[in-house]
Amino acid sequence: MSLTGTAFLYTTVVLSVVALVLPLVLWSRMRGPKALRVAARVLMLLFAQGTAVTLVFVLVNNANSLYDNWADLLGTGNHVQQAADLGRDGTGGIAFKRLPKVGQAFRPADGPGMRAAGGVRVTQLKGRVSGVNAEVYVWLPPQYGEPAYRHRTFPVVELLPGYPGSAKAWFGSLKAHEQLLPLMEDGRVAPFILVAPRTNLLAGVDTGCADIPGTVNADSWLSIDVPTMVMDNFRAEPAPSGWAVAGYSAGAHCAVKLAVAHPDRYRAAVSLSGYNDPIGERNSLASQTPALRAANNPYLLLRKSAVPPRIALYVSGESGDGYQAGVALEAVSKAPTTVHVVFLPRSAGGHTMALWRPQVVPSFRWLTLQMGKNRPRTAATGGTTPRTPSTGGSTRAALASGTASRAGAARRR
């Protein structure tokens, strides 16, 4: 039973009600020795407390899409079948664009929000390059099934959650498809195919969206296997012109890193409260060694790039939580790279879904413009940029490297 499923929520509610009613009905009706009556009453109280705590956990988990199943919660899940050394380009010498097409079986996805706005579908994908075996969620825009669009291809946005986080989060907690559906219908936002792959691939650690031989090939999973599956099964535009990637928190770091590292696979990236240095997430595998940190830091990748990548980056965040990372990227970017930094005031919220949910629409309006799909009727601002960049107490060195964006890496999601 899924932790984010309706069935589990209703079961928890029913058990909580039963746990509340039992003491009211049976407390004074207990019979038998005193010790037995005391033990029974203690058990009823513990049952009531346990169900209450469980209900609160379920409500919080559903609101933030932290853990999708018991394996994620208990740290026993492993979705890596193999992690071969795939080389610097992450292909292992495999001509993945020439691989035979593989049709995937999709089914309706379960959980909060998954049936809204036309419904989200899910498939179990075995990555032919990465060696990852995990689920991928797909939502199709309203135009996809219309006869007038039957010969048209559609742009794609990969959606990445934070850590810990469920691949369902963009649909369940952020309600991205529900927010974007009316805007796609009236032409204010391009009809993007939304794809949300699992990023929580190993128990108890964040992969950092990195390829680490012998451990995990998360980069190749996200930038090769998932796009190949989408191209095989849907009328999707080819990369890089038709592809973008978006994420929040740890997923925001991944989104920018993937775009900077693979401009041949992505045209744009959206970062909501992200960071540049992988050490921003203390459980990230990409922060374990100086070499991995450098190889997965988009700020360093941009600064050292001999040829600036043709990509566009949208970076939003509060001071000390994403904003400085965007300023740092903007400072080292050179044409044709563009960086749009959005400053969010502290009053907008903290490092939570409440902050990111309102950023979905402005970021997708920006994507529509940057990817040249059509022109929204109203300009997307999503926030105001202060005249003088705020360092939020960060040192000059931290601001320059982009490590100041997570307030000392104290907060995570």
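Compare the peptides 274-284, 340-350, 112-122 by average per-residue count of other Cβ atoms within 10 angstrom and give them in order, highest first.
By packing density, highest mean first, the sequence is 274-284, 112-122, 340-350.
Can you check how the C-alpha radius of gyration of region 84-183 compares to 2.2 N^0.38 Å, as a plain ratio?
Details: Rg = 16.0 Å, N = 100, 2.2 N^0.38 = 12.7 Å.
Against the empirical 2.2 N^0.38 Å value, I get 1.26 for region 84-183.
Rank GLU146, GLU237, GLU158 by mean-square fluctuation in a GNM of the chain with C-alpha springs under 10 angstrom and give only the top-ranked residue.
GLU146
Can you compute the helix-only [θ] at 222 nm over the chain? Use -39500 (n - 2.57) per DSSP H run of at least 4 residues, normalise by all residues, nearest 500 deg cm²/dmol. Mind dumping the intermediate values first?
Numbers: 13 runs with 135 residues, N = 413.
Value at 222 nm, helices only: -9500 deg cm²/dmol.
Which whole-Hz couplings ³J(HN,Hα) result when phi for each residue of region 276-284 is put into the Karplus expression 6.51 cos²θ - 1.76 cosθ + 1.60, θ = phi - 60°, listed in order with x for Gly and Pro?
9, 6, x, 5, x, 10, 5, 9, 7
Looking at the chain as a GNM with Cα springs under 10 Å, which of ALA52, ALA203, ALA261 has the largest mean-square fluctuation?
ALA52
Using the Karplus curve 6.51 cos²θ - 1.76 cosθ + 1.60 with θ = phi - 60°, work out ³J(HN,Hα) for each residue of region 30-47 in order, rounded to whole Hz, and write x for Gly and Pro.
5, 10, x, x, 4, 4, 5, 5, 5, 4, 5, 5, 4, 4, 5, 5, 5, 4
Got a sec to turn the phi values of region 9-23 into Karplus ³J(HN,Hα) couplings, 6.51 cos²θ - 1.76 cosθ + 1.60 with θ = phi - 60°, whole Hz, x for Gly and Pro?
The phi angles translate into 4, 5, 4, 5, 5, 4, 5, 5, 5, 4, 5, 6, 6, 3, x Hz.
Amide H of VAL342: which non-local residues (sequence gap of 5 or more, or other chain) have their own amide H closer than 5 Å, using H built in the peptide plane?
Result for VAL342 returns VAL315, SER316, GLY317.
With every protein chain kept in place and ligands, DNA and RNA left out, what is the accessible area per residue of the chain? Probe 1.4 Å, answer in Å². Walk me through the numbers on the way to the answer.
On the way: 17740 Å² over 413 residues.
Here the per-residue accessible area is 43 Å².
According to a simple spin-label model (label point 7 Å from Cα along Cα-to-Cβ), what is the distance in nm between VAL307 and LEU45?
Label at LEU45, label at VAL307, 7.2 nm between them.
Taking only C-alpha pairs under 8 Å that are 6+ residues apart, what is the relative contact order of the chain in percent? List each step's numbers first, then the result.
Values: 855 pairs, mean separation 58.6, N = 413.
With pairs under 8 Å counted, the relative contact order is 14 percent.
Give me P(r) over the chain, computed from all C-alpha to C-alpha distances, binned every 10 Å, as integer percentages.
Histogramming the chain at 10 Å steps yields 5, 22, 31, 23, 10, 5, 3, 1, 0 percent.
Please report the carbon-and-sulfur percent of the accessible area for region 252-385; probe 1.4 Å, protein heavy atoms only, DNA, RNA and ligands left out.
Working: 2700 of 4950 Å².
Using a 1.4 Å probe with all protein chains present, region 252-385 comes out at 55 percent carbon and sulfur.
Mind listing the long-range amide H neighbours of ILE193? Cut-off is under 5 Å, sequence gap 5 or more, other chains count too, H placed in the peptide plane at 1.01 Å from N.
Under 5 Å from the amide H of ILE193: VAL156, VAL157.
When you count, for each residue, the other Cβ atoms within 10 Å and take the mean per peptide, how do 19-29, 171-181, 185-195 rank with the highest first? The partial results should precede the final answer.
Numbers: 19-29: 12.2, 171-181: 22.5, 185-195: 20.4.
Descending mean neighbour count gives 171-181, 185-195, 19-29.
May I have the count of lysine pairs in the chain with C-alpha atoms under 19 Å apart, counting pairs 8 or more residues apart or located on different chains?
Values: LYS97/LYS126; LYS101/LYS126; LYS126/LYS168; LYS257/LYS304; LYS257/LYS334; LYS304/LYS334.
Qualifying lysine pairs in the chain: 6.
Which one of PHE106, PHE364, PHE154 has the biggest mean-square fluctuation once the chain is modelled by GNM with Cα springs under 10 Å?
Among PHE106, PHE364, PHE154, the largest mean-square fluctuation in the Gaussian network model of the chain belongs to PHE106.
Tell me, in nm to one decimal, what length is gained between THR123 and ALA7 on full extension, where the rule is 0.36 nm per residue of separation less the Cα-Cα distance?
Values: separation 116, 0.36 × 116 = 41.76 nm, distance 2.04 nm.
My answer for the length gained is 39.7 nm.
The values are calculated or read from the model by the stated rules, or taken from the named source; none is laboratory data. Bear in mind the structure is a predicted one, so any value in this text is a computation, not a measurement. For neighbour counting, all protein chains shown are included, and Cβ atoms are generated from backbone atoms with ideal geometry for every residue, glycine included. Remember, those area values only see protein heavy atoms, side chains included, never the ligands or the DNA or RNA. Shrake-Rupley method; radii C 1.70, N 1.55, O 1.52, S 1.80 Å.
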